[in-house]
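Working notes, structure below.
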Amino acid sequence: MSTIIYPSPIFGPVKSRRLGISLGINLLPGDGKVCTFDCIYCECGFNKDFRTKSAFPTREEVAEKLEAKLKEMKAANELPDVLTFAGNGEPTQNPYFPEVIDDTIRLRNAYCSNAKVSVLSNSTFIHRPKVYEALMKVDNNILKLDTISDDYIDKVDRPVLPSYSAKKIIEGMKAFKGNLIIQTLFMKGTSQDGIDVDNVKEAFIAPWLETVKEIAPRGVMIYTIARETPDPNLQKATKDELDAIRDRVIAMGIPCSASY
Ligand code: SF4
């Protein structure tokens with residue numbers, strides 16, 4: 001299978017399905033993957049296959065490389081629509097994450113004031129006060145909630161920390177008081193370990209919708225597998241299935257986009 005390990009700390013720009021022309025900021029080491037989840041659908045591969053020996057990029061390194069890239073893009077008259085924190089794992093794991101957010105907002109204001117700052121996070125550290133405060137500052141605080149079932153999350157998202165609980169994450173999401181976008185991946189099939197991974201079933205959709213309503217985010221992004229996955233048996237949700245879910249979110253009064 002082909003996996004993607006992104007350069008660090010800056011990669012792209014890339015054309016994102018969900019975000020437009022996106023300049024990537026990868027706060028993980030560039031020689032592997034470090035994540036608090038080990039999703040069976042992760043485009044970076046399984047954690048065990050991409051161990052890294054390098055340190056996280058520092059605050060200074062990120063600011064320096066980001067500024068250099070923005071200068072280059074400005075000179076070429078190709079400024080980004082969005083500066084996106086993503087890459088080889090969970091960005092909030094980087095110990096300098098709050099300071100990097102401050103630097104990034106400063107550089108965005110200086111070089112491309114129309115660009116949005118987006119963070120794609122799996123939500124595991126949203127209870128940390130400094131992470132929470134930093135996420136409150138960004139334009140698009142995009143937090144993962146694939147389902148509200150701990151059993152499904154244990155088998156599919158596979159949290160590395162034993163303390164993970166969907167209930168606690170949901171409470172943490174409510175604390176953003178609407179200043180978040182929920183991201184949810186829908187898929188189908190049976191994993192190579194024989195696990196039914198279909199979260200498009202009504203048994204998953206109905207409680208997820210109820211929880212989305214309670215969290216009251218300012219938006220929802222739903223999507224499905226787009227590239228090869230480390231578990232080769234997974235199947236995409238169909239366009240009709242995603243559209244039907246999207247329409248139910250919109251019917252609750254919450255903007256929702258679907259990417260296929
Ligand atoms: S949370 Fe994202 S980076 Fe981490 S394992 Fe899942 S898909 Fe990969």
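Taking the conditions exactly as written (of a type outside the set (D, E, K, R), open to solvent by less than 40 Å² (accessible area, probe 1.4 Å) and not in a helix (DSSP H, G or I)), does Thr84 satisfy them or not?
Numbers: of a type outside the set (D, E, K, R): yes; open to solvent by less than 40 Å² (accessible area, probe 1.4 Å): yes; not in a helix (DSSP H, G or I): yes.
Here the answer is yes, as Thr84 does meet what is asked.
Consider Arg51 carefully, then state whether it is over 24 Å from Ile169 (Cβ atoms), in contact with a strand residue (DSSP E or B) (Cβ under 9 Å, 6 or more places away or on another chain) and free of Cβ contacts under 8 Å to residues at least 60 places away in the same chain. First the steps, then the outcome.
Details: over 24 Å from Ile169 (Cβ atoms): yes; in contact with a strand residue (DSSP E or B) (Cβ under 9 Å, 6 or more places away or on another chain): yes; free of Cβ contacts under 8 Å to residues at least 60 places away in the same chain: yes.
The answer is yes for Arg51.
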The residue that is nearest to Asn179 (Cα to Cα), considering only those in the range 207-243 that are touching a Gly at 6+ places or on another chain (Cβ under 7 Å) and either of a type in the set (D, E, K, R) or surrounded by fewer than 17 Cβ atoms within 10 Å (Cβ to Cβ) (or both), is Arg218
State which residue is farthest from the ligand (Cβ to nearest atom) when the search covers only the range 110-127 and only residues that are open to solvent by 30 Å² or more (accessible area, probe 1.4 Å) and within 22 Å of Arg218 (Cβ to Cβ).
-> Ser113
When you go through (1) open to solvent by less than 40 Å² (accessible area, probe 1.4 Å); (2) more than 16 Å from the ligand (Cβ to nearest atom); (3) under 22 Å from Asp196 (Cβ atoms) one by one for Ile148, which number turns out not to apply?
-> (1)
Residue list for the range 15-63, restricted to those being β-branched (Val, Ile, Thr), buried (at least 22 other Cβ atoms within 10 Å of the Cβ) and within 16 Å of the ligand (Cβ to nearest atom) = Ile25
So which pairs qualify, if the first residue must be in the range 69-91 and in contact (Cβ under 8 Å) with a residue 12 or more places away in the chain and within 12 Å of the ligand (Cβ to nearest atom), the second must be part of a strand (DSSP E or B) and open to solvent by 10 Å² or more (accessible area, probe 1.4 Å), the Cβ gap must be under 8 Å, and the two must be at least 6 apart or on different chains?
-> Phe85/Leu120; Ala86/Leu120; Gly87/Phe11; Asn88/Val34; Gly89/Val34; Glu90/Val34; Pro91/Leu120
Confirm whether Leu107 is within 16 Å of the ligand (Cβ to nearest atom) and in a helix (DSSP H, G or I).
-> no
If Gly87 satisfies every condition in (1) touching a Leu at 6+ places or on another chain (Cβ under 9 Å); (2) on the phi < 0 side of the Ramachandran plot but one, which is the exception?
-> (2)
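The values are calculated or read from the model by the stated rules, or taken from the named source; none is laboratory data. All figures in this text were calculated on a predicted structure; none of them were measured in a lab. Glycine also receives a Cβ, built like all others from the backbone with ideal geometry; neighbour counts cover every protein chain displayed. Side chains included, ligands, DNA and RNA excluded: accessible areas come from the protein's heavy atoms. Shrake-Rupley method; radii C 1.70, N 1.55, O 1.52, S 1.80 Å.
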